Amino acid sequence: DYYDVSQEVLAVYLQQVPDSTIALNLKACNHFRLYNGKAAEAELKSLMDSASTSFEFAKELIKHNLVVFRGGEGSLQVLPPLVDVIPEARLNLVIYYLRQDDVQEAYNLIKDLEPATPQEYILKGVVNAVLGQEMG
């Protein structure tokens with residue numbers, strides 16, 4: 001967990017490129033890990049204000065991250081159209097369905113996913129384990 005080190009490197013970078021969408025987003029994500037969703041959301045404020053209409057991906061990324069920073073609030077409105085755009089959107093929607101005890105929907109979203117990261121392996125394993133428990 002090197003979020004604090006990342007923040008230091010980002011601070012130097014942002015002095016040179018203060019309007020970098022990727023760097024500002026990463027700074028907000030670090031704040032989420034280091035502090036909480038409210039702190040992360042405050043960091044995203046400047047990015048939301050500066051995201052131009054020509055940079056649609058930035059807006060989608062902001063919407064996705066706001067759902068995460070707000071503990072899943074707005075998941076069903078924001079995440080479904082993003083599952084094939086932002087890889088984490090699928091995983092976060094699976095987590096939302098698990099929290100809502102909708103294991104079948106979680107399974108439907110993750111069944112065809114070929115895990116490539118530890119998070120994907122863990123989440124797919126959890127979904128399959130919960131589904132197995134429900135089926136007896």
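The values are calculated or read from the model by the stated rules, or taken from the named source; none is laboratory data. Because the structure is a prediction, the values reported are computed rather than measured. Reconstructed Cβ throughout: ideal geometry from the backbone, glycine too, with neighbour counts over all protein chains shown.
Looking only at residues in the stretch 1-25 that are part of a loop (DSSP other than H, G, I, E, B) and either among the polar types (S, T, N, Q) or under 22 Å from the mean Cα position of the chain (by Cα) (or both), the one that is modelled with the lowest pLDDT is Asp1.
For the subset of the stretch 97-116 comprising residues that are in contact with a Leu (Cβ under 9 Å, 6 or more places away or on another chain) and part of a loop (DSSP other than H, G, I, E, B), which member is surrounded by the fewest Cβ atoms within 10 Å (Cβ to Cβ)? Per the stated criteria, the residue is Pro115. So is Lys124 out of contact with any Cys (no Cβ under 8 Å at 6 or more places or on another chain) and farther than 28 Å from Asp4 by Cα or not? Judged against the criteria, Lys124 is a match.
Within the stretch 39-89, the set of residues being basic (Lys, Arg), exposed (fewer than 14 other Cβ atoms within 10 Å of the Cβ) and closer than 28 Å to Asp102 by Cα is empty.
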